[in-house]
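Only one structure is covered here, and it is reproduced in the block below.
The values are calculated or read from the model by the stated rules, or taken from the named source; none is laboratory data. The structure presented is a predicted model; accordingly, all values stated were derived computationally and were not measured. Cβ: placed from backbone, ideal geometry, glycine included. Neighbour counts: every protein chain shown.
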Amino acid sequence: MSYLNREARREAIVQAAMRVALSGGFSAMTVRHIAQEASMASGQVHHHFTSSGELKAEAFVRVVREMLDVPLAADCASWREKLFVMLYSEEGKLGPHLRLWREAQILADSDSDIKAAYLLTMTMWHEETVAIIQKGVEAKEFTLNDTPSGIAWRLISLVCGLDGIYALGLEGMDDAAFVHHLQQAITVELFTPSSRQKV
């Protein structure tokens, strides 16, 4: 790949790392495997990244950014629908992304690069959620009983907790239960008691 300039070669490595991450998770993200996926020598990977941890972290952040940018709701959808799909993704649609997210959560405890990337992606998710809440308020669809930031963190916390229970396969926590609990939380957080009957 000598015909690629430095930036293009680095981007090719990151894209290869993203593909490897989505297909095999963090454990598959060896320098050799990523170099093979990028059709270049392992030395090129080492030349562009100070450590495999740096590369894994950057690829993970990019995968999450990609996941957040997937338009899962139609432009004409209500703000409630847009908020719901920002918080809940069906396993089938973004399965590899969700598996990588769960793996990062576990690895964050023992890997400082992954922890920093995981914290950054949580902030990204929070910012996107806050933006939807604010737009829903501007459209007079939502009513605030707290700051958009506080509401967003509570909803994200609920989703993370529900996801952990769901991933364990505990009885009673299926897709329908997950959706029910999240919809209830959105209603409580963003709709006044008088408007809840209309929702």
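Annotations
- Test: residue in the range 183-190 that is out of contact with any Phe, Trp or Tyr (no Cβ under 8 Å at 6 or more places or on another chain), of a type in the set (Asp, Glu), surrounded by 15 or more Cβ atoms within 10 Å (Cβ to Cβ) and not in a helix (DSSP H, G or I): no
- Qualifying residue in the range 50-63 (condition: part of a helix (DSSP H, G or I) and farther than 15 Å from MET18 by Cβ): yes
- Residue in the range 126-146 that is among the aliphatic types (A, V, I, L, M), surrounded by fewer than 14 Cβ atoms within 10 Å (Cβ to Cβ) and within 30 Å of ARG19 (Cβ to Cβ) present: no
- Residue check: LEU72 meets all listed conditions (1) in a helix (DSSP H, G or I); (2) under 23 Å from SER23 (Cα atoms) but one, namely (1).
- For ALA77, the criteria (1) assigned by TED's automatic domain parsing to the domain that holds GLN183; (2) in contact with a Pro (Cβ under 8 Å, 6 or more places away or on another chain) hold in every case but one, which is (2).
- Number of residues in the range 30-40 that are assigned to a helix (DSSP H, G or I) and surrounded by 14 or more Cβ atoms within 10 Å (Cβ to Cβ): the value is 7.
- Pick from the range 41-71, criterion surrounded by fewer than 18 Cβ atoms within 10 Å (Cβ to Cβ) and among the aliphatic types (A, V, I, L, M), ranking: nearest to MET29 (Cα to Cα): ALA41
- When the range 1-24 is filtered for residues that are in a loop (DSSP other than H, G, I, E, B) and either at pLDDT 95 or above or of a type in the set (Ser, Thr, Tyr) (or both), the ones remaining, listed by number, are SER2, TYR3.
- Scanning the range 110-168 for residues that are of a type in the set (Gly, Ala, Ser) and part of a helix (DSSP H, G or I) returns SER112, ALA116, ALA117, ALA131, GLY136, SER149, GLY150, ALA152, SER157, GLY161, GLY164, ALA167.
- Inter-residue pairs, beta-carbon under 6 Å, first assigned by TED's automatic domain parsing to the domain that holds ALA152 and under 16 Å from SER157 (Cβ atoms) and in the range 170-199, second modelled with pLDDT of 95 or more and not in a helix (DSSP H, G or I), 6+ apart: LEU190/PHE142
- Of the residues making up the range 103-146, those that are touching a residue at least 60 places away in the same chain (Cβ under 8 Å) and out of contact with any Lys or Arg (no Cβ under 7 Å at 6 or more places or on another chain) are GLU103, ALA104, LEU107, ALA117, THR121, TRP125, GLU128, ALA139, PHE142.
- Residue check for LEU83: within 28 Å of LEU190 (Cα to Cα), in a helix (DSSP H, G or I), modelled with pLDDT of 95 or more and in the same structural domain as THR129 (by TED's automatic domain parsing): yes
- Hey, ALA41 out of contact with any Lys or Arg (no Cβ under 8 Å at 6 or more places or on another chain), not assigned by TED's automatic domain parsing to the domain that holds ILE106 and not charged (D, E, K, R) or not: yes
- Qualifying residue in the range 91-102 (condition: more than 15 Å from LEU22 (Cβ to Cβ), in contact (Cβ under 8 Å) with a residue 12 or more places away in the chain, surrounded by 16 or more Cβ atoms within 10 Å (Cβ to Cβ) and touching a Leu at 6+ places or on another chain (Cβ under 9 Å)): no
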